[in-house]
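Taking it in order: structure first as structure tokens, then the write-up.
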Amino acid sequence: MLFFYFANKKIFYYLCAVKIMMMFLFLTLWLNCSSIFGLHPLYLAVANMDVDAQKGSIVLSIRLFTDDLETVLHNKYNIDGWIGTPREHRDGRRLLKDYLNERFSIVVNNNEKIILVTDSMTINDDAMWFYLKGVAQQPIKRVEIDNRILTDFFSNQINLVIINSNKNENGYKLNRKNHKIDLNL
């Protein structure tokens, strides 16, 4: 009888140890996943710019996540945007256009600031696309881009800029500290 008692006790301790290890494994996985997915999100915007240097035309498309744009509307303008829903604020898209013009600028040939006009806006799933265009007074020889979109709200914001000109494509990674591109065409 005494042997049976110790045999069951060993099994009991073994099962408790397995249960503790499983709880530790679950806790470790949960903490790792929450730090990857919850505490350190990726803030990314992509701008594609087509430059026709001879005609002096610039066509620009900018992709931003709608939840980031709603953060802008809430924190900068004190409104709830609800972009792409029936509850969307009536001034939300106009304010977003103003924000883009404030945080993204193009200067050509060292002194001519390009006025970007919003051609259209579309929403795809969780992202919003802005389509803009501008025209320079002379052929474009040099382009300076200042892209500070969302860097005022997210310190780890990454702004990718892809420039197509003269059949060449160049990509740039910008952030809060490095937000300017200076390019000879």
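For the range 123-137, how many residues meet the condition of being surrounded by fewer than 17 Cβ atoms within 10 Å (Cβ to Cβ), over 14 Å from residue 97 (Cβ atoms) and modelled with pLDDT of 95 or more?
2
Quick one: residue 79 ticks every box in (1) out of contact with any strand residue (DSSP E or B) (no Cβ under 7 Å at 6 or more places or on another chain); (2) closer than 14 Å to residue 53 by Cα bar one, so which box is it?
For residue 79, the exception is condition (2).
Does the range 138-160 contain any residue that is more than 20 Å from residue 64 (Cβ to Cβ), free of Cβ contacts under 8 Å to residues at least 40 places away in the same chain and among the acidic types (Asp, Glu)?
Within the range 138-160 (the criterion being more than 20 Å from residue 64 (Cβ to Cβ), free of Cβ contacts under 8 Å to residues at least 40 places away in the same chain and among the acidic types (Asp, Glu)), the answer is yes, since at least one residue qualifies.
Given the structure, is residue 149 modelled with pLDDT of 95 or more and not in a strand (DSSP E or B)?
For residue 149, the condition - modelled with pLDDT of 95 or more and not in a strand (DSSP E or B) - is met.
Give me the residue from the range 138-160 that is closer than 12 Å to residue 52 by Cα and touching a Gly at 6+ places or on another chain (Cβ under 7 Å) and, out of that set, surrounded by the most Cβ atoms within 10 Å (Cβ to Cβ).
The residue in question is 140.
Residues are listed down the side, and each one gets a yes or a no for (1) part of a strand (DSSP E or B); (2) more than 13 Å from residue 47 (Cβ to Cβ):
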position: 75; (1), (2): no, yes
position: 88; (1), (2): no, yes
position: 94; (1), (2): no, yes
position: 118; (1), (2): yes, yes
position: 122; (1), (2): yes, yes
position: 138; (1), (2): no, yes
position: 159; (1), (2): yes, no
position: 162; (1), (2): yes, no
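Quick grid of which residues meet (1) over 18 Å from the mean Cα position of the chain (by Cα); (2) in contact (Cβ under 8 Å) with a residue 12 or more places away in the chain; (3) closer than 30 Å to residue 136 by Cα:
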residue: 42; (1), (2), (3): no, yes, no
residue: 56; (1), (2), (3): yes, yes, yes
residue: 62; (1), (2), (3): no, yes, yes
residue: 65; (1), (2), (3): no, yes, yes
residue: 68; (1), (2), (3): no, yes, no
residue: 73; (1), (2), (3): no, yes, no
residue: 79; (1), (2), (3): yes, yes, no
residue: 90; (1), (2), (3): yes, no, no
residue: 97; (1), (2), (3): no, yes, yes
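Taking the range 166-182 as the region of interest, how many residues are crowded, with 16+ Cβ neighbours inside 10 Å, touching a Lys or Arg at 6+ places or on another chain (Cβ under 9 Å) and either part of a strand (DSSP E or B) or outside the structural domain of residue 106 (by TED's automatic domain parsing) (or both)?
1
The values are calculated or read from the model by the stated rules, or taken from the named source; none is laboratory data. Everything numeric here is computed off the predicted structure, so don't read it as measured data. Every residue, glycine among them, receives a Cβ derived from its backbone with ideal geometry; neighbour counts consider all protein chains shown.
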